[in-house]
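The values are calculated or read from the model by the stated rules, or taken from the named source; none is laboratory data. All values reported here derive from a predicted model rather than from experimental measurement. We place every Cβ from the backbone using ideal geometry, glycine too, and count neighbours over all the protein chains shown. Protein only, heavy atoms only, side chains kept; ligands, DNA and RNA dropped before computing areas. Shrake-Rupley method; radii C 1.70, N 1.55, O 1.52, S 1.80 Å.
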Amino acid sequence: MNAAVDVFKRNEFQGSSLDALNAWVAEVAALTQPDHIHWCDGSDAENARLTQQMLADGTLLPLNPETHPHSWLHRSSPSDVARVEHLTFVCTPQQEDAGPNNHWMAPAEAHAKMDALFAGCMRGRTLYVIPYCMGPIDSPLSRCGVEITDSPYVVANMRIMTRMGAAALARIGREGTFVKGLHSTGELDPDRRFIMHFPEELTIKSFGSGYGGNALLGKKCHALRIASHQARQEGWLAEHMLIVGIENPQGETHYIAAAFPSACGKTNLAMLIPPEGYRQAGWKVWTIGDDICWMRPGADGRLYAINPEAGFFGVAPGTSDSSNPNALATISHHTIFTNVAVTDDQEPWWEGLDSRTPALDWQGRKYDPANGPAAHPNSRFTVSARQCPSYSAKAEDPQGVPISAIVFGGRRASLVPLVFEARDWTHGVLVGAAMGSETTAAATGAVGVMRRDPMAMKPFCGYNFADYFAHWLSFGQADATLPKTALPKIFHVNWFRKGGDGKFLWPGFGENLRVLEWMIRRVEGKADAVETPIGHLPRAEDINLDGVALSDEAHELLFGFDRAGWQAEFARLGEYLQEFGARTPQALKDEQQRIAARLAG
Ligand code: OXD
Ligand code: MN
């Protein structure tokens with residue numbers, strides 16, 4: 001028996017339901033050859049020890065303890081700052097099951113490739129075993145996983161982002177099933193970096209990156225790619241959506257789930273502060289989640305949602321007291337900052353925070369504007385959701401919250417109006433499938449290029465999009481005895497429409513509540529709209545615009561409908577759906593053609 005396995009033996013958890021876990025840890029230890037094995041219990045003492053160790057070796061740098069108590073800065077390798085979609089694979093036995101929306105590799109080839117990278121990679125390192133639960137620990141909607149990693153930074157982040165440690169291990173012991181995620185930072189060499197998913201095996205292997213979306217395996221890898229596959233099999237949905245509760249002055253709360261691509265303002269919408277007039281009238285906004293939503297039909301036919309995460313891994317740049325005061329309050333203590341700049345007095349800083357000039361940039365160099373932004377455009381904060389002033393007590397409800405409206409949206413400088421409502425579920429699925437957005441810094445590659453991003457799941461759907469669209473459509477064919485109104489209404493928004501001068505036409509941020517209020521009134525049957533081929537559009541007077549100054553151009557472009565532009569858009573959408581061939585659901589093609597014909601007529 002080699003040394004690593006011997007260490008493992010001494011840490012072994014007893015009980016036959018954990019046999020599979022113990023055997024897997026032993027197998028990984030034999031492959032990766034760590035010097036030590038540590039089973040994470042998630043305790044404060046463990047976290048304090050790891051933090052001290054990372055402060056001592058420079059993985060974490062202290063920030064100003066007076067302005068940012070218990071907060072640390074991590075500087076990643078400069079070539080490891082975002083998700084790497086071109087190195088992310090879905091490894092199903094049949095390529096068609098991964099679909100044209102995923103990079104694919106045959107499972108045997110992928111395992112061989114990854115195991116060669118993992119061989120001996122933890123020599124001189126500690127192997128951490130992280131049992132975690134995605135979702136409230138006692139929720140039937142939650143699912144567990146175990147991440148094995150050699151990165152203490154990953155352990156510290158997973159402790160914030162998931163319910164990690166002893167309680168999760170106990171649930172795994174009871175259920176006997178868990179998602180296996182194996183991660184090593186390797187040498188952080190971009191040429192030896194892969195993120196592989198094996199949905200049929202509920203397994204993830206990630207090598208060569210320490211970046212959040214590549215390395216915190218509970219997040220994108222488990223809660224979206226693997227979970228979307230499980231959700232399809234089990235009849236639920238795993239989505240790239242925020243969840244927010246909107247409480248009206250009568251004390252009634254509607255929950256809205258909204259899908260926007262990465263770095264398009266999900267965190268801001270989830271933590272929205274109502275405009276002054278709304279605040280005075282008694283409107284309140286409650287945050288459930290800012291990135292991922294798992295939902296499944298309840299006995300009443302409504303969709304009930306949980307946020308599987310326990311923290312926020314938010315984009316720092318642009319976060320300020322005016323754009324998102326709740327986020328700023330949330331990250332004022334016990335926060336890990338990654339790749340932000342720092343001021344003279346060791347405060348974290350990023351573009352858009354305030355008018356100070358930082359001392360050091362994200363790479364630790366003396367700040368020089370000639371080197372580009374001070375904070376990396378994809379710099380992040382990791383923080384517990386419980387620190388958020390608007391965090392909803394309902395976020396911990398094991399039954400989840402009932403969803404009244406689903407919102408799709410992207411960055412669209414032209415064509416797409418501020419908001420419209422789908423006629424019915426099938427139309428709504430087409431609206432989601434048609435989503436497009438300009439790319440952002442959350443993934444490597446060119447920024448600002450328009451690409452199709454159905455349901456904001458392009459980088460995250462663990463199977464063929466055609467089958468995913470069919471799965472979405474299947475909820476519309478649910479039990480005929482249930483009220484037709486039980487399913488959420490589906491809307492599309494565009495906060496990013498630009499005018500002739502290239503500036504945004506809609507003020508966004510807190511003012512978005514005006515649009516959400518119109519949606520809620522539509523759900524309640526209390527607001528008007530105009531019927532058009534693309535859906536129901538509000539007139540400007542249907543939305544409360546008191547105190548919002550909009551130019552004539554803004555009125556026209558935000559509330560108008562450009563028939564010729566939409567004809568061209570629908571022709572392109574028809575071509576896009578063809579990319580999925582015969583697997584594209586006929587109902588979706590029919591819907592596209594019906595609308596295209598109406599646009600032509
Ligand atoms: C994220 C992303 O980190 O979508 O949430 O990239
Ligand atoms: Mn995201």
| Within the stretch 369-386, which residues are part of a loop (DSSP other than H, G, I, E, B) and touching a residue at least 24 places away in the same chain (Cβ under 8 Å)? | Pro373, Ala374, Ala375, His376, Pro377, Asn378, Ser379
| message | Tell me whether the stretch 227-243 contains one or more residues that are closer than 23 Å to Thr382 by Cα, assigned to a helix (DSSP H, G or I) and open to solvent by less than 10 Å² (accessible area, probe 1.4 Å). | response | yes
| request: Pull up the stretch 348-383, narrow it to residues that are among the polar types (S, T, N, Q) and within 16 Å of ligand 1 (Cβ to nearest atom), then point me to the one that is nearest to Met271 (Cα to Cα). | output: Thr382
| query | How do the pairs read when you match residues in the stretch 430-452 that are assigned by TED's automatic domain parsing to the domain that holds Asp467 and within 22 Å of Gly212 (Cβ to Cβ) with residues anywhere that are polar (S, T, N, Q) and not in a loop (DSSP other than H, G, I, E, B), using Cβ under 9 Å and keeping only pairs 6 or more apart or on different chains? | reply | Arg451/Ser437
| If the Cβ limit is 6 Å and pairs must be 6+ apart or interchain, which residue in the stretch 354-368 that is within 17 Å of Arg75 (Cα to Cα) pairs with which residue that is part of a loop (DSSP other than H, G, I, E, B) and β-branched (Val, Ile, Thr)? | Pro358/Thr343; Ala359/Thr343
| request: Test Met122 against the criterion of being within 20 Å of the chain's Cα centre (by Cα) and surrounded by 18 or more Cβ atoms within 10 Å (Cβ to Cβ), and give yes or no. | output: no
| Can Pro69 be described as modelled with pLDDT of 95 or more, outside the structural domain of Phe460 (by TED's automatic domain parsing) and closer than 27 Å to Val146 by Cβ? | no
| Among the residues of the stretch 365-378, is any assigned by TED's automatic domain parsing to the domain that holds Leu505 and open to solvent by 50 Å² or more (accessible area, probe 1.4 Å)? | no
| note | When (1) open to solvent by 10 Å² or more (accessible area, probe 1.4 Å); (2) assigned to a strand (DSSP E or B) are applied to Pro249, the one that fails is (2)
| said: Going residue by residue through the stretch 281-289, is there one that turns out to be in a loop (DSSP other than H, G, I, E, B), touching a residue at least 40 places away in the same chain (Cβ under 8 Å) and polar (S, T, N, Q)? | reply: no
| Candidates Ala456, Ala486, filtered to the one that is hydrophobic (A, V, I, L, M, F, W, C) and within 16 Å of ligand 2 (Cβ to nearest atom) | Ala456
| request: Those residues that are within 18 Å of Pro325 (Cα to Cα) and within 16 Å of ligand 2 (Cβ to nearest atom), I need them from the stretch 255-289; list them, please. | output: Ala263, Cys264, Gly265, Lys266, Thr267, Asn268, Leu269, Ala270, Met271, Thr287, Ile288, Gly289
| What about Glu347, is it in contact (Cβ under 8 Å) with a residue 24 or more places away in the chain and in the same structural domain as Val244 (by TED's automatic domain parsing)? | no
| query | Restricting attention to the stretch 302-318, and to residues there that are in a loop (DSSP other than H, G, I, E, B) and open to solvent by less than 10 Å² (accessible area, probe 1.4 Å), which single residue is nearest to ligand 2 (Cβ to nearest atom)? | reply | Glu309
| query | In the stretch 424-453, what count of residues is obtained for those that are more than 17 Å from Trp566 (Cα to Cα) and surrounded by fewer than 23 Cβ atoms within 10 Å (Cβ to Cβ)? | reply | 15
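Being open to solvent by 40 Å² or more (accessible area, probe 1.4 Å), closer than 22 Å to Arg380 by Cα and modelled with pLDDT of 95 or more narrows it down to one residue among Ala30, Ala48; which is it?
Matching residue, one of Ala30, Ala48: Ala48.
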| query | Considering Leu272, Leu242, which residue is modelled with pLDDT of 95 or more, touching a Leu at 6+ places or on another chain (Cβ under 9 Å) and more than 15 Å from ligand 1 (Cβ to nearest atom)? | reply | Leu272
| query | From the list Ser392, Ser414, which residue is more than 16 Å from ligand 1 (Cβ to nearest atom), over 19 Å from Gln592 (Cβ atoms) and buried (at least 20 other Cβ atoms within 10 Å of the Cβ)? | reply | Ser392
| query | Scanning for something of a type in the set (A, V, I, L, M), modelled with pLDDT under 95 and not in a strand (DSSP E or B), does the stretch 254-265 turn up at least one residue? | reply | yes
| field | Qualifying position, being of a type in the set (Asp, Glu) and within 16 Å of ligand 2 (Cβ to nearest atom), among Glu187, Glu239, Glu252 | value | Glu239
